[in-house]
Amino acid sequence: MIQVSLIGNFSLLLVGFLLVLPCSEAVKPVKVFILSGQSNMVGAGKVDGGSGRWGNQFIDPVVSVYEGEHDSEKDYDSLEPIKTLKLDAFGGVKPTPYPGGGVHVTRGYIKVKESGIYEFRPGYAGSTYNVMEVAGKEVHRQEVGKSPVRNEIRLEANEKVPFKITYFTKQANGLGWIVRLDVPGALSTMVKFEGMYPYLIDSNKQWVARDDVWYRGVVTAVGNRPLGVAGGRIGPEIGFGHAVGNFIDEPVLILKTSQGNRSLSWDFLTPGSKQFEYKGKIYAGYKQTPLSWDKGTTPEPINWYAGKQYDDCMGAAHDVLKNFDKEFPHWKGRGYVIEGFAWWQGDKDRYVEAHAVNYEKNLVRLIKTLRAEFKAPGARFVVATLGQTSKLAEPGNDKLILDAQLAVDGSTGKYPEFKGNVSTVYTHPLSQGGASNSHYNGNAQTYMDVGLAMGEAMLELLKNKD
């Protein structure tokens, strides 16, 4: 009897212990944030000066072929090549083909037109497995099966310096890209040379990604990867993802579904929205076409309808969530919960007075519709204003949209149901110049700072969540 009792008590203790084990954290759902809007949200922040195919910067390139497979212990400069070939075309679209038959080493000179800090990206696909030196400095190394490690180098205008590329595989060719890094407004300039946003790079000044925050882009700015700098442009998702990821213990998914040059009162018009009359014209309700027509006339339909972009963007988001385990196999079985929405838009609405007048009504409807459609009534909602529009702006369409975006902030009291769950970020002080229709001149700081501010606003809302 004592033995049975002890076993029974032990079993109860074991069950209780298992219930409080830290591994129970693993079953908590992924926190999802849906980001949407037009080109502001798509993102046009420059990562660098823009890569271009190299070509005329290279002088007298010659490829030498050495016998056998690549051997890192060999000093190819001290060996006799079995053949050499002067490369009449190096870079561009159709470089002179390499002869094959051994280890390829290309040598020559580089001369750039502008002084600056440069990065070299030699090769394409399999030919990126090589080591490149410029003026005796290693600027690129990518071992087979590994990621590239690149080091910037300062070059002076019209100064001729030697280069050498040693290829590790038979997939050798003269393709390559060169990029200027120290460009005003570029993320590479701010992070690598001015010390801003240091968490975006590692100790070797290479871009890093965080796997506790995942990025999934649909419609435009597509991707499915850990959150980090990838490609030549960024949007607010980088700053937003870092802000919320640093606060939330569970994994985070940034699901961005956006499209440029779209208005809330036409392209993104929410389901159920009714047509309205303004100054003698009828403006389309949801699923109607065209955008507007004279009152009393029968309009000719066009190949678009009010709400088409809403349907496309939100439909794409639904597709991702419906296939969550397949899209994100590393989170299989965890499930998800939609924590919040972020909206950065308004540029196109300012060109149509009737749309600007109705922006506030449509924004309120958008907030309510998204929460209902995604079955997330408690999801927090953050809106960002257009950076060029000041609170002191003269009356007009721009000011109408700004005032509408500020009005939905729960702290204003205009919409009591939004108190503590809707926040508006006033981005005018964060903009580094330019306007929404010029993508803020591509300044990456604008996109980073707006994203961070939206993320911080989201966190304040989540901290007050019941």
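Please work out which residue is surrounded by the fewest Cβ atoms within 10 Å (Cβ to Cβ), limiting yourself to segment 178-210 and to residues that are in contact (Cβ under 8 Å) with a residue 40 or more places away in the chain and closer than 22 Å to ILE254 by Cα.
In this case the residue turns out to be TYR199.
Based on what the data block shows, is ASN56 modelled with pLDDT under 95 and closer than 30 Å to LEU461 by Cα?
Criteria not met by ASN56.
Please go through segment 354-371 and pick out each residue that is farther than 16 Å from GLY285 by Cα and surrounded by fewer than 17 Cβ atoms within 10 Å (Cβ to Cβ).
Across segment 354-371, the qualifying residue is only LYS368.
Being charged (D, E, K, R), part of a loop (DSSP other than H, G, I, E, B) and more than 20 Å from TYR129 (Cβ to Cβ) is the filter here, so list the residues in segment 70-87 that pass it.
GLU80 - this is the single residue of segment 70-87 that is charged (D, E, K, R), part of a loop (DSSP other than H, G, I, E, B) and more than 20 Å from TYR129 (Cβ to Cβ).
So, VAL382, is that one in the same structural domain as ASN40 (by TED's automatic domain parsing), within 20 Å of the chain's Cα centre (by Cα) and either free of Cβ contacts under 8 Å to residues at least 12 places away in the same chain or not in a helix (DSSP H, G or I) (or both) or not?
Yes: the conditions hold for VAL382.
For segment 91-118: of the residues being charged (D, E, K, R) and either at pLDDT below 95 or in a loop (DSSP other than H, G, I, E, B) (or both), which is farthest from PRO61 (Cα to Cα)?
Out of the qualifying residues, it is GLU114.
Of all residues in segment 280-289, count the ones that are closer than 29 Å to SER438 by Cβ and part of a loop (DSSP other than H, G, I, E, B).
The number of residues fulfilling the criteria is 1.
Condition test on SER147, is it out of contact with any Lys or Arg (no Cβ under 7 Å at 6 or more places or on another chain), closer than 30 Å to GLY433 by Cβ and among the polar types (S, T, N, Q)?
It is false that SER147 is out of contact with any Lys or Arg (no Cβ under 7 Å at 6 or more places or on another chain), closer than 30 Å to GLY433 by Cβ and among the polar types (S, T, N, Q).
Does segment 232-249 contain any residue that is assigned by TED's automatic domain parsing to the domain that holds PHE374, at pLDDT below 95 and among the aliphatic types (A, V, I, L, M)?
no
Would it be correct to say that VAL131 is in contact with a His (Cβ under 8 Å, 6 or more places away or on another chain) and farther than 30 Å from TYR440 by Cβ?
yes
Which of (1) buried (at least 22 other Cβ atoms within 10 Å of the Cβ); (2) within 19 Å of LEU363 (Cβ to Cβ) is the odd one out, the single condition ASP409 does not satisfy?
If we test ASP409 against (1) buried (at least 22 other Cβ atoms within 10 Å of the Cβ); (2) within 19 Å of LEU363 (Cβ to Cβ), just (1) comes out false.
Which one of these is among the small types (Gly, Ala, Ser), over 27 Å from VAL352 (Cα atoms) and in contact with a Leu (Cβ under 7 Å, 6 or more places away or on another chain): ALA444, ALA404, ALA457?
Selected residue: ALA444, the only one of ALA444, ALA404, ALA457 that is among the small types (Gly, Ala, Ser), over 27 Å from VAL352 (Cα atoms) and in contact with a Leu (Cβ under 7 Å, 6 or more places away or on another chain).
Considering only residues of segment 303-346 that are of a type in the set (Lys, Arg) and not in a helix (DSSP H, G or I), which is surrounded by the fewest Cβ atoms within 10 Å (Cβ to Cβ)?
LYS332
How many residues, within segment 141-163, are assigned to a strand (DSSP E or B) and farther than 17 Å from ASP48 by Cα?
The qualifying residues number 4.
Identify, please: which residue in segment 403-455 is in a loop (DSSP other than H, G, I, E, B) and among the charged types (D, E, K, R) and is, among those, farthest from the chain's Cα centre (by Cα)?
Once the filter is applied, the top-ranked residue is LYS414.
List pairs: first residue in segment 396-419 and more than 18 Å from LYS465 (Cα to Cα), second residue aromatic (Phe, Trp, Tyr) and loosely packed, with under 14 Cβ neighbours inside 10 Å anywhere in the structure, Cβ distance under 8 angstrom, at least six positions apart or on different chains.
Pairs that qualify, where the first residue is more than 18 Å from LYS465 (Cα to Cα) and the partner is aromatic (Phe, Trp, Tyr) and loosely packed, with under 14 Cβ neighbours inside 10 Å, are ASN397/TYR351.
The values are calculated or read from the model by the stated rules, or taken from the named source; none is laboratory data. Remember, predicted model here, so these are calculated numbers, not experimental data. Note: ideal-geometry Cβ built from the backbone for every residue, glycine included; neighbour counts use all protein chains shown.
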